[in-house]
Every structure is written in structure tokens, then in C-alpha cells.
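Participant: First the structure, then my questions, so here it is.
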Amino acid sequence: MNSNIFVIIISSAIFYGTPLFYAALGGILTERSGVLNLGVEGTMLIGGVSGAWACLHIGGSAWFTVTMSILVGALAGGLVSTLLAFLCITLKTNQTVAGLAITIFAGAVGLSSYFANIWKVAKTPVPRPIRTMDVFGLADTPVLGPILFRQTSLTYVSWLLAIVATVYLFRTRVGLQLRAVGESPQTADAMGISVIRYRYIHTILGGALAGIGGVFYSLAIVPTWVDGMTKGAGWIAIALVIFGFWRPSLTLLGAYLFGALQSLSSTLKARGVDISGDILDALPFIMTIVVLVLVSSRFAHRRLGAPAALGVPYEREER
Amino acid sequence: MSQSAVRMTGIVKRFPGVVANDGVDLEIRAGEVHALLGENGAGKSTLSNILTGLYRPDEGTVEVDGEQRVFSSPRDALEAGIGMVHQHFRLVATFTVAENVVLGESGGSLFMNQDEVATRVRELSDRYGLAVDPSARIWQLSVGEQQRVEILKVLYRGAKVLILDEPTAVLTPIEARSLFATLRAMADEGRSVIFISHKLGEVMSVSDRVTVLRGGRTVGTVNTSETSTRGLASMMVGRSVEFERVVRDNPADTSVTVLRVDEISANDDRGRASLHDISLTVGKGEIVGVAGVAGNGQRELAEVISGMRASTSGRISVGDELVKSGKARSAIARGIAHVPEDRLHTGLAASHSVEDNLALKNYRTSTISKFRLLKRRAIREQATALVERYDVKTPNTTTPVRLLSGGNVQKVLLAREFSALPKVLIAASPTRGLDVGAIEAVRERLVAAANEGVGVLLISEDLDEIMSLADRILVMYEGRILDDVPAEGADRERIGLTMGGSNVQEVAK
Ligand SMILES: Nc1ncnc2c1ncn2[C@@H]1O[C@H](COP(=O)(O)OP(=O)(O)OP(=O)(O)O)[C@@H](O)[C@H]1O
Ligand SMILES: [Mg+2]
């Protein structure tokens, strides 16, 4: 019984951690290029509502509908972050302000709810949710089954992405140049690397991943669109980037830790454990604040490996 | 008749408040070493940045191999075969040497093969005598070593036209000579080298032709063989300048020791022992010169004395008060002033204004603050006076320091450190990158400080500077002091050999 509850906590930690990881991985790519995206929360919501819309309107096989919904969510997230990129990279506005503006504009009481209204997706269960799979028929294996073999397709893809992103960042030339852009855009520019292009691409890519995170909420977790349903997951993702030292592998672990905290109350309650749900629900956010406070001293930031030019617009003729 | 590789005509570049280039003409031939001379702020770096596509000129044209070109980015310039070693290094501090070298290289495989790159970097460094460990990270290297990486980067890209913005500022005479051999070899291969320097002797010995800039305009281009150091200096500043061994009107009083360093050992950034039982003393009003090739522990020594680096053993005292190891505040309180090697990062807050930087050290004193609040007016007055006294060229005192030219940045730092009325002054390469006029001013300041009884530890890779200023010369090699001789009548040859690690005893015998 006791070992059983741990298996459930771990397997649901992975489930709930998956959208956090997508958004945080997007954050890693964006921040590695030197752009700070505080618009993740809003971007996730736009991705989520667009994914729900696609799921309701695109027919065909279950696989096709779900894949298309994910792609539509990614596209929507990418579009939102294109706006952020334009503000931060081309217009060189303050990145904190631009990110907050995106979250407010696109977020819970903004564009995402408006879309939900006109598209009539609110409170309508999506016809083809993302379900957990039974991989190799091993899902019922004791202990490891629920943890490793009964997850969603997006979870398995995210494991692949964690590996690909790690190789990309630390083993390929393009990844090296990306990190150079985030560390010292002056150097990158002098070496003939297009700082603008790298920043645009990775900001948009980051937004697309946040959008997929949003789709996970509207297609897997609930699976119905509810206004403001990410409930701050975007902020947790931003903390996770720091928590994971801008590294995909550590961020993946961090995402599962936060996923565990998020799922704890429902898991425990379902098992009849008597504990105040409010406190448990607040746990991830308390952790987020603690993490952010702990690591936000500038010293820690440098030591933890924050890209040196993070948040600084690049101006070629500036010294 | 050699053909012109680069021709720049009527280049104008304006920045807010300054015209950095005001109709500059420059013609570079294939296969020549062409020196670019000019005072601090004359517009040399700006002109080179235009040629490398970093800045766009407001007016004027650039021709490469007889064809007019408009560079919209450094990539265009690199593809046209123009590469540059920047005065303010362009390196990613957290990357390895090899990673910095391959940055931006087009083509090549998807994955980076660290070993292969390291091998190629090592080949290049062997060939050009630019010793550096390809797997070391940039932040662990001394400024001199970082400079080598910058040069390697350009060589690796196989540029046809190489611009070196004050490359020898961080090299010893011996290293500089081997660099010159490299430059000459490259010119003989048909490449062109644009060489920016303030050191007239170097310009005379390495260049074929010289173009002199003053106040953003071309004064003229001359064949090196038809001019002299004196001629160049007067072209540059419009008057003649000379350096000789300084005669002190208030000689050192070595019976009073102001700084005592006792068997200090310390580690470098990589945690390897870099100082081994260093002991030295500086007397009242004495200037002690520390000569040595960059990267032999000079930076660590300066940092340990000024409290920026903790020692692993040993003691440092000013008068008879101990300085706490690794506590900059304690060093300042004891009266130690420090002019660090890397001015823009360690010495100054680059994006803050000139006046704020000048107030950084005495912001706790009553003249410029009251009840812990700063008196803006007093700060501005202090800054205006210092800018005037130290002849800092800046649009005004609220200009961010990073916008100043290299030489003027140094003047701001010196003004601040000298005005703190220290007992001991640690100066690391204080005249590096300054023009002749400014060097004269800085040297006068150092001597004036010594005359007032300040003990000066002058760490410099410029042997001429040490020979002309110091009372006593220490030679550092691999974290040890190998030699300690009076400067009066010192043997240049012997010091040079010791800097290269030759055994003193052998030389002495
Ligand atoms: N990006 C910039 N923004 C504003 N002003 C600038 C900029 N770059 C250069 N300047 C100004 O243009 C003038 C010329 O500067 P430049 O760096 O070209 O001089 P320099 O000849 O290289 O001097 P030094 O020998 O001190 O390096 C200076 O007054 C400098 O303050
Ligand atoms: Mg310059």
C-alpha cells in the first residue's frame, strides 16, 4: 500500500511535470540566446486554447487530430512569442516589461479567454484527449509500469527532446553559437554570427514549446478548456529554468519535482489522506518563490551559469 | 607597383556628441604592414570598426581589391577577407579557447569535435608562437593570453587583411618581437596588416608605411623609412615629446617600509598555485617595478595585495597594520589603491557615468555624502575638477565610461585612485594603451605620488616604462621573484633573460 502511493505520486509527477518541462525547455532556448521571456504564462494559455479549438474542429483519426492540435498549439505559441521577439529584439524594449505585457495581454482575463468565447471551446470536453498509453503492454508491470510505460505520447517525446536539446546546446556548432549569442553578443557579432537571427529563432521556438505545454493542459490534464487553466504554470517554468541551471536534464528533474508538488493534493485526497488541500496547492508556488529568492542574487546568477547577456538588448554601435 | 588591397575614402562617422571620423582617407597595399597612429580618441578604433563591418559609416566609401563594398555586418567583412583583433577583447569568457576560435566558422560538421579543433589551434599557436592551452577557459587567462586567443581567431579564419588594434599593449618586448615576425611573414605571403599602436618604436621597426590620425582626420601617410620616432610623435600631437629616466626631486626613503609582503602564496582562478612564497617590500616614496611576461602571477599578486584574492599563506601589512586576506575593504582602509589590469571590468562600472565612477571610492566621505545620501552637486564638481586635471576627453561628466576611448577610460580610473590619497599604490600596466601625451601625464602622476611619499608597486610588461620610472626592479617568473636589482644602471639584457626564466645565478656569474 505504501509503496503503491509512491508509485502513484511518481507517475503523476511525471504526468503533471510534462507541460512544465515543455515550457521550461522553451525558456532555456530563449534565455540561452539572451532573451528573457516573462510571457510564458500567456503564451501557454494561447497555445492551450488554440489546441482545444483545433481538437474540436479537425477531424480524422485520433492520432491525426491530436497531432494537429499539438501543432496548432505550437504555432499559436510561436506567433505570440514572435510578437515578444519583435518588441525585445527589434524595438529593444525592456524585456521584463514586454514579457509581463504579453502575459497580461494574452493571459487569463485577456486574449485566451476571448478566443475561448468566440470559438466556443470553453467547458466543452475535447473529443480526442491526449491519453496515457500502454507501451509494449508493460503498463501493468508493478512499480515501473505506471512510471515508465503508462505515460502520454507528449511525455515520451519530451524525453527525446531533453536529449536532443542537450546535444544541440552542448555538442553542436549551432548550439555553441547560440550560447555565444547569449553570453557575449558583441563577440558573436564580430565572428559573423547573426545575433538578431539567433535570438528571433530561439524566442519563437521557445514560444512554440510553451504552446505545447499549454495544449497538454487543455487536452491531457483536464481535458477541457477552462479559462486561466494553467494557473501559474508559466511562472513555475521560468523558475525551473534557473532551478535547472539552464540545462535540459536538470530542468527535467525539476519539472517532475514541481509536478509532484502539484499533484500531491489530488493524489493524497483521492487516497483518503486528510490534509489541507490549500496548503498543498500553494506548495509549488511557495517553492517557486523560494527558488527565485535563493538564486536571484546576482552572485548566484553568475555562478549558476545564467547567460551573461540575458535581458540585455544588443546594439551593435554601442560600447 | 603594389596594388591597393583596401581603400577608404572620405569616411565620416558621428556618434552622439562626437565626430569620431571626420573625412578619413586610408589606403592599404597588398603585402604591407601599415601602421595607424593617433592620440587617444583620434578615431583609430572607429575607423577599423567601419572596415570590419561593425559600424556603418555616415559618409565615405570602402573599396576592397579595387571593388567598392558596403559591409552590413562583420560576416560580410570576414567573407571579403577582413579580420580584426579588437582593442576591447571580443571573447566569450565562459568558453574554452578552442570554442572561441571556431565561433562563427561557416561550413564544418554539425558537431564540434573538441579534440580536432584543439589540434588545429595548437598547430596555429605553434606556428605563430602564440602559446595558449586550447582547453583553458577564457576567464582563467591573463589579459596577455587572451590577446593571443584574439590573434589566433583571426589567423584561424585565414583573413587577407588583418587589423590589430593595439595588439602589443599586452605583450613583452620579446613576445612583441615574435609577433612582428609573424606579421612580417604574413605580409610576405601577400596579406595586408593594419597595425594600431601608440608605441612609436614598434611602429618604426615593424611597419612599411604609417598613417597618422588626429582629431578624426588624416594628418598624412608617410613611408616609415623616410621618417623617425620624433617625426611621428610631432605629427601625432603637433609637438615633440621625449622620454628619459625620470629624475626625482624627493628620493625614496627606504628606511621606512610602507608595504610589506611576507611569504605570500596564492592560487589562480583554476585553483593552481600561482604565487610561491613571494616576499617584497616597498619603501616610503619608493617605486618598485615588477617586470615579467604576462601570466606569470602578476595579476594574482596585484589582486592579493589589494584584497581581491585570498592568499593561501603569508602576510601583508601596510606600515604595521595587517591587511586581511581577501578583504578589499580592509585593503582600502589601510590605504592601498589599485589600478587593475582589466580596467573596464574590474576597475570601473562601465555603463555608469564618469562622475559616478569618480565618486565610487570616496562616496562614504562627508564631502560628497551627507546622512548616507549623495550630494549630486558635489559629485559633479569633483568630477569636473578631476576631468580637467587629468585631461579626460569626454563630452561631459554624465557620459557612460564605456563610451570613452581606451585611453580616456584609463585616465578616469587613475584620477579616482590617485585622488583617494593612498599610502600604497598598486598599478598594473597603468599606461597600456595610452598615447604619448597621456603616458607622459600618467608617469608624472606616478612620480608625483612617490614624491609625496606613496609607495608605488608598478607592475608592467613594458620594460622601458619600468626602467625609466622604478627605483628598484623585481623580475617575476612563474609565480616567483627571480631577481631584485636597483634600477639605476640595471642591465636590460639580464632582466630580459630573467623574464624568460633564465637562472639568475647563472646570469650573474
Ligand atoms: N560607440 C560609440 N558611441 C559613442 N561614442 C563613441 C563610440 N565609439 C567611439 N566613440 C567616440 O569617438 C571618438 C573616437 O574613439 P576611438 O575609440 O575610435 O578612438 P581611438 O583612436 O581608438 O582611441 P584610443 O587610442 O584611446 O583607443 C572618441 O571620442 C570616443 O569617445
Ligand atoms: Mg582605440
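The values are calculated or read from the model by the stated rules, or taken from the named source; none is laboratory data. Quick caveat, the model's predicted, so the values are computed rather than measured. Cβ: placed from backbone, ideal geometry, glycine included. Neighbour counts: every protein chain shown.
Participant: State which residue pairs qualify: first residue over 18 Å from B:ARG432 (Cβ atoms) and inside the range B:388-415, second residue within 16 Å of ligand 2 (Cβ to nearest atom) in any location, beta carbons under 6 Å apart, and separation of 6 or more residues or different chains.
Facilitator: Pairs found: B:THR394/B:LEU404; B:LEU403/A:ARG319.
Participant: Test each condition in (1) near ligand 1 (Cβ under 10 Å from one of its atoms); (2) of a type in the set (A, V, I, L, M); (3) within 11 Å of chain A (Cβ to nearest Cβ) for B:MET84 and report the one that comes out false.
Facilitator: Only one criterion is unmet by B:MET84, namely (1).
Participant: Would you confirm whether or not the range B:36-59 contains a residue that is more than 14 Å from ligand 1 (Cβ to nearest atom), of a type in the set (A, V, I, L, M), touching a Phe, Trp or Tyr at 6+ places or on another chain (Cβ under 8 Å) and closer than 30 Å to B:ALA441 by Cβ?
Facilitator: First, the residues of the range B:36-59 that are more than 14 Å from ligand 1 (Cβ to nearest atom): B:53, B:59.
From what is left, the residues that are of a type in the set (A, V, I, L, M) are none.
No, the range B:36-59 has no match at all.
Participant: Could you check how many residues of the range B:427-452 are modelled with pLDDT of 80 or more and touching a Gly at 6+ places or on another chain (Cβ under 6 Å)?
Facilitator: Total satisfying the criteria: 1.
Participant: Quick one: count up the residues across the range B:384-411 that are within 14 Å of chain A (Cβ to nearest Cβ), of a type in the set (Val, Ile, Thr) and in a helix (DSSP H, G or I).
Facilitator: 2
Participant: Restrict the check to the range B:332-343 and report whether at least one residue is modelled with pLDDT under 85, surrounded by fewer than 16 Cβ atoms within 10 Å (Cβ to Cβ) and in a helix (DSSP H, G or I).
Facilitator: no
Per-residue answers, yes or no, for (1) farther than 24 Å from A:SER113 by Cβ; (2) small (Gly, Ala, Ser):
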{"site": "A:PHE21", "(1), (2)": "yes, no"}
{"site": "A:ILE28", "(1), (2)": "yes, no"}
{"site": "A:SER50", "(1), (2)": "no, yes"}
{"site": "A:GLY59", "(1), (2)": "yes, yes"}
{"site": "A:THR67", "(1), (2)": "yes, no"}
{"site": "A:LEU84", "(1), (2)": "no, no"}
{"site": "A:VAL97", "(1), (2)": "no, no"}
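Participant: Give the residues of the range B:29-54 that are more than 10 Å from ligand 2 (Cβ to nearest atom), more than 13 Å from chain A (Cβ to nearest Cβ) and over 28 Å from B:ASP188 (Cβ atoms), sorted by residue number.
Facilitator: B:GLU39
Participant: Being within 16 Å of ligand 1 (Cβ to nearest atom), within 14 Å of chain A (Cβ to nearest Cβ) and within 19 Å of B:THR46 (Cβ to Cβ) is true for just one of B:ILE163, B:ILE194. Which residue is that?
Facilitator: Only one candidate passes the filter, namely B:ILE163.
Participant: Name every residue in the range A:146-173 that is assigned to a helix (DSSP H, G or I), under 25 Å from A:ALA309 (Cβ atoms) and more than 22 Å from the chain's Cα centre (by Cα), in order of residue number.
Facilitator: Matches in the range A:146-173: A:ARG171, A:ARG173.
Participant: Show the residue pairs meeting these rules: Cβ distance below 6 Å; 6+ apart or different chains; first residue within the range A:177-189 and more than 7 Å from every other protein chain (Cβ to nearest Cβ); second residue among the polar types (S, T, N, Q) and buried (at least 24 other Cβ atoms within 10 Å of the Cβ).
Facilitator: That search, which allows pairs on different chains as well, returns A:LEU178/A:SER33; A:VAL181/A:SER33; A:GLY182/A:SER33.
Participant: With B:VAL19, B:VAL24, B:VAL70, B:VAL64 as the choices, which residue is more than 16 Å from ligand 1 (Cβ to nearest atom) and touching a residue at least 60 places away in the same chain (Cβ under 8 Å)?
Facilitator: Working: B:VAL19 fails: more than 16 Å from ligand 1 (Cβ to nearest atom); B:VAL24 fails: more than 16 Å from ligand 1 (Cβ to nearest atom); B:VAL70 fails: touching a residue at least 60 places away in the same chain (Cβ under 8 Å).
None of the others qualify; the one that does is B:VAL64.
Participant: Shifting gears a bit: Any idea which of (1) under 23 Å from A:THR251 (Cα atoms); (2) free of Cβ contacts under 8 Å to residues at least 40 places away in the same chain; (3) within 14 Å of another protein chain (Cβ to nearest Cβ) is the one A:GLY192 doesn't satisfy?
Facilitator: Just one mismatch for A:GLY192, condition (1).
Participant: What strands (runs of 3 or more DSSP E) completely inside the range B:1-99 contain at least 2 residues that are modelled with pLDDT of 90 or more and buried (at least 22 other Cβ atoms within 10 Å of the Cβ)?
Facilitator: Here the list reads B:4-15, B:18-29, B:33-38, B:82-85.
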